[in-house]
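The values are calculated or read from the model by the stated rules, or taken from the named source; none is laboratory data. The shown structure was predicted, so the numbers you read here are calculated from the model rather than taken from an experiment. Cβ atoms come from the backbone with ideal geometry, glycine included; neighbour counts cover every protein chain shown. Accessible surface areas use protein heavy atoms only, side chains included; no ligands, DNA or RNA. Shrake-Rupley method; radii C 1.70, N 1.55, O 1.52, S 1.80 Å.
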Amino acid sequence: MNDKRFSRAEHDWDEIIRFFPNTLRSMLKNVNSLEQSKITEIRMRIGRPIEIITGNRSYWLNRAGGLESVSSQTYILTPEDFARTLNSITNGSFYALEEEFAQGYLTLPGGHRVGFTGHVILETGKIKLIRDLSSLNLRIARQIRGIARPVLPFLWKDSRFLKTLILSPPASGKTTLLREIIREVSDGCDDLGIDGIRVGVVDERSEIAGSYLGIPQLDVGNRTDVLDACPKSEGVYLLLRAMNPQLIATDEIGNERDYQVIEDIINAGVSFIATAHAQNLTEALCRPGLKRILENGMIERIVILSNRLGVGTVESIKAGISGPELFNNRIQPKSEEELPDG
Amino acid sequence: MVKLIGSLLLVGAGSWWGYTVSNRFISRCELLKNWLSILEMLKTEIYYSTSFLPQIFMKLAKFISREELKQPIAKLAEATGYGSEEDLNEIWEHFLQEPVFCSLKQSDLLILRELGNYLGRTDRLNQLERIDYCREKLKLCLAEAEAECLKNVNLYRYLGFALGSLVVLLLV
């Protein structure tokens with residue numbers, strides 16, 4: 001244990017592979033340094049080869065640390081390897097991760113997330129626990145600074161942040177974009193005429209700030225307060241009561257209860273930014289929770305992302321559901337493998 | 001003069017032996033008391049802060065009053081951190097083999113080993129139950145150790161002095 005975990009994550013390869021036991025660590029250490037920076041996910045399944053995902057491509061890890069396209073020459077993960085990896089990533093403290101084991105994921109220092117599957121134990125129809133784990137997926141968190149710059153001028157008007165909804169299909173970079181927007185408006189950007197504002201983040205799934213032991217591991221700005229692993233319905237009111245935010249940010253809205261929460265934020269005179277899963281506006285309107293939010297005119301800006309030209313392609317920016325399309329020229333913020341999460 | 005010095009050395013050696021043996025009884029009592037407070041802290045940390053074991057051990061190393069225990073507990077915290085090659089059970093076993101615990105009896109160590117089999121592996125409530133169970137057993141060991149202490153500490157101290165004196169008398 002050292003203080004490194006409390007500092008902001010540097011995301012170098014060594015920091016990521018330290019979560020694995022020696023046998024696997026030595027293999028992963030030998031992965032080509034050019035490939036290392038492109039890796040977005042490491043997937044492990046008992047009795048199967050280790051899958052390495054870089055952007056839209058998938059490889060298998062061989063004993064020498066090489067990445068293979070076919071699985072015949074690869075290292076097969078043993079139950080012992082898996083148990084040791086699990087022991088390492090949980091610090092041998094399963095009791096401290098009961099909630100996480102019920103939800104199927106946990107956050108590591110650096111904001112990296114581990115999802116797992118196994119035998120599900122139900123209690124009154126809800127998942128109580130996942131035991132006898134058989135596969136896990138380490139999603140590497142990377143921060144890409146500057147990707148919000150092309151979008152920000154559309155979201156800031158008359159010295160205030162406009163109520164914004166980011167729509168995108170899964171794994172299209174919406175959380176990464178959201179994080180960068182939060183950081184930029186929290187710190188302020190003189191060149192765009194944005195003053196720094198107080199941002200409250202309700203990070204229900206620890207994806208936005210990647211908090212570990214309550215401390216954000218990803219840079220979300222100097223004026224940002226993060227409520228980690230807190231349900232939106234509770235967290236928003238806590239922030240409004242206690243932290244006097246000027247902007248509230250949250251991830252993945254869409255159910256009926258979220259409508260009330262967002263209405264209360266607006267009535268409190270606070271702006272908000274949220275994300276939701278939807279391919280486009282038509283799809284978003286098919287979801288009853290989102291439809292209510294969109295049709296009530298609560299949203300002033302809608303940013304639609306896709307994977308069309310690579311992860312994080314901004315398809316369009318609209319001034320609300322019935323407003324004009326402010327942008328449709330398709331900004332491509334970064335290359336295809338640079339937006340790994342959310 | 002030489003005889004006097006020799007006699008004093010023999011009596012001193014006998015007394016030293018007596019003190020060493022009696023100190024083992026005292027040390028066992030103290031260690032068991034230390035373990036009871038370690039387990040109490042462990043229980044509190046698991047219950048209230050649901051901290052991870054390495055953090056708890058680090059905290060223990062900082063707050064434990066007995067100096068000789070600080071280093072082994074800090075080592076334990078380090079060994080259980082990320083990228084640990086060993087299972088917690090193996091790390092715990094190595095920890096119990098530290099020289100500082102040599103005054104504990106095998107029966108005491110057996111109780112602590114048993115705790116190591118469950119530590120960290122089950123849910124929070126079960127962890128608390130296991131720690132409580134271990135504490136109750138160690139309390140019984142402590143009662144036995146204190147009784148032994150009362151009975152044996154002075155006995156061995158006098159015995160050491162007496163043995164030294166007897167050897168002197170036999171040689172003179």
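Would you point out the residue of the stretch A:227-268, among those that are polar (S, T, N, Q) and at pLDDT 90 or above, that is farthest from residue A:163 (Cα to Cα)? Break it down into steps so the answer makes sense when it comes.
Of all residues in the stretch A:227-268, those polar (S, T, N, Q) come to A:233, A:244, A:246, A:250, A:255, A:260, A:267.
So of that shortlist, the ones also at pLDDT 90 or above come out as A:244, A:246, A:250.
Values: A:244: 17, A:246: 11, A:250: 12 Å.
The extreme case among them is A:244.
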Q. Within the stretch B:127-137, can one find any residue that is assigned to a helix (DSSP H, G or I) and farther than 17 Å from residue B:43 by Cα?
A. no
Q. (1) at pLDDT 90 or above; (2) buried (at least 17 other Cβ atoms within 10 Å of the Cβ); (3) under 23 Å from residue A:25 (Cα atoms): which one isn't true of residue B:84, the others all being true?
A. (1)
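If a residue must be in a loop (DSSP other than H, G, I, E, B) and free of Cβ contacts under 8 Å to residues at least 40 places away in the same chain, how many such residues does the stretch A:217-227 contain? Even if it seems obvious, please write down each step before you answer.
Taking the stretch A:217-227 first, the residues in a loop (DSSP other than H, G, I, E, B) are A:217-223.
Adding the requirement that they be free of Cβ contacts under 8 Å to residues at least 40 places away in the same chain leaves A:221-223.
Total meeting the criteria: 3.
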**Q.** Some residue of the stretch A:22-42 being under 25 Å from the mean Cα position of the chain (by Cα) and under 30 Å from residue A:125 (Cβ atoms)
**A.** no
**Q.** strands (runs of 3 or more DSSP E) lying entirely in the stretch A:105-187 (those with 2 or more residues that are within 14 Å of chain B (Cβ to nearest Cβ))
**A.** A:105-107, A:113-123, A:126-139
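So is residue B:60 within 9 Å of another protein chain (Cβ to nearest Cβ) and under 21 Å from the mean Cα position of the chain (by Cα) or not?
Values: within 9 Å of another protein chain (Cβ to nearest Cβ): no; under 21 Å from the mean Cα position of the chain (by Cα): yes.
No.
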(Q) Report every pair of residues separated by at least 6 positions or lying on different chains whose Cβ atoms are under 6 Å apart, first residue within the stretch A:78-101 and in contact (Cβ under 8 Å) with a residue 12 or more places away in the chain and at the interface with chain B (Cβ under 10 Å from one of its Cβ atoms), second among the hydrophobic types (A, V, I, L, M, F, W, C) and open to solvent by 60 Å² or more (accessible area, probe 1.4 Å). (A) A:101/A:129
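Which members of the stretch A:272-294 meet the condition of being open to solvent by less than 10 Å² (accessible area, probe 1.4 Å) and over 30 Å from residue A:244 (Cα atoms)?
A:278, A:284 - these are the residues of the stretch A:272-294 that are open to solvent by less than 10 Å² (accessible area, probe 1.4 Å) and over 30 Å from residue A:244 (Cα atoms).
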(Q) Criterion first (open to solvent by 30 Å² or more (accessible area, probe 1.4 Å) and either within 14 Å of chain B (Cβ to nearest Cβ) or hydroxyl-bearing (Ser, Thr, Tyr) (or both)) does residue A:68 satisfy it? (A) no
(Q) Here is a list: B:40, B:30, B:68. Which entry is over 24 Å from residue B:147 (Cβ atoms) and under 19 Å from the mean Cα position of the chain (by Cα)? (A) B:68
Q: Specify the residue that is most open to solvent (accessible area, probe 1.4 Å); the eligible residues are those in the stretch A:11-42 that are within 13 Å of another protein chain (Cβ to nearest Cβ), charged (D, E, K, R) and free of Cβ contacts under 8 Å to residues at least 60 places away in the same chain.
A: A:29
Q | Residue pairs meeting the criteria (Cβ under 6 Å; at least 6 apart or on separate chains; first within 11 Å of another protein chain (Cβ to nearest Cβ) and within 14 Å of residue B:55 (Cβ to Cβ), in the stretch B:66-86; second among the basic types (Lys, Arg) and outside any helix (DSSP H, G or I)) | A | B:82/A:18
Q. When the residues of the stretch A:191-208 are filtered to those that are within 19 Å of residue A:244 (Cβ to Cβ) and part of a loop (DSSP other than H, G, I, E, B), which remaining residue is modelled with the lowest pLDDT?
A. A:195
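Residues of the stretch B:26-57 being open to solvent by 40 Å² or more (accessible area, probe 1.4 Å) and either within 14 Å of chain A (Cβ to nearest Cβ) or not aliphatic (A, V, I, L, M) (or both), which ones?
Applying the first criterion (open to solvent by 40 Å² or more (accessible area, probe 1.4 Å)) to the stretch B:26-57 yields B:26, B:30, B:33, B:37, B:40-41, B:43-44, B:47-50, B:55.
Result: B:30, B:33, B:37, B:40, B:43, B:44, B:47, B:48, B:49, B:50, B:55.
Just to be sure, is residue A:204 among the charged types (D, E, K, R), under 25 Å from residue A:298 (Cβ atoms) and free of Cβ contacts under 8 Å to residues at least 40 places away in the same chain?
Numbers: among the charged types (D, E, K, R): yes; under 25 Å from residue A:298 (Cβ atoms): yes; free of Cβ contacts under 8 Å to residues at least 40 places away in the same chain: no.
Here the answer is no, as residue A:204 does not meet what is asked.
Going through B:140, B:104 one at a time, which residue ends up being of a type in the set (A, V, I, L, M), surrounded by 14 or more Cβ atoms within 10 Å (Cβ to Cβ), at pLDDT 90 or above and under 18 Å from the mean Cα position of the chain (by Cα)? Quick ask: steps written out before the conclusion?
Numbers: B:140 fails: surrounded by 14 or more Cβ atoms within 10 Å (Cβ to Cβ).
Step by step, each of B:140, B:104 is checked, and only B:104 is of a type in the set (A, V, I, L, M), surrounded by 14 or more Cβ atoms within 10 Å (Cβ to Cβ), at pLDDT 90 or above and under 18 Å from the mean Cα position of the chain (by Cα).
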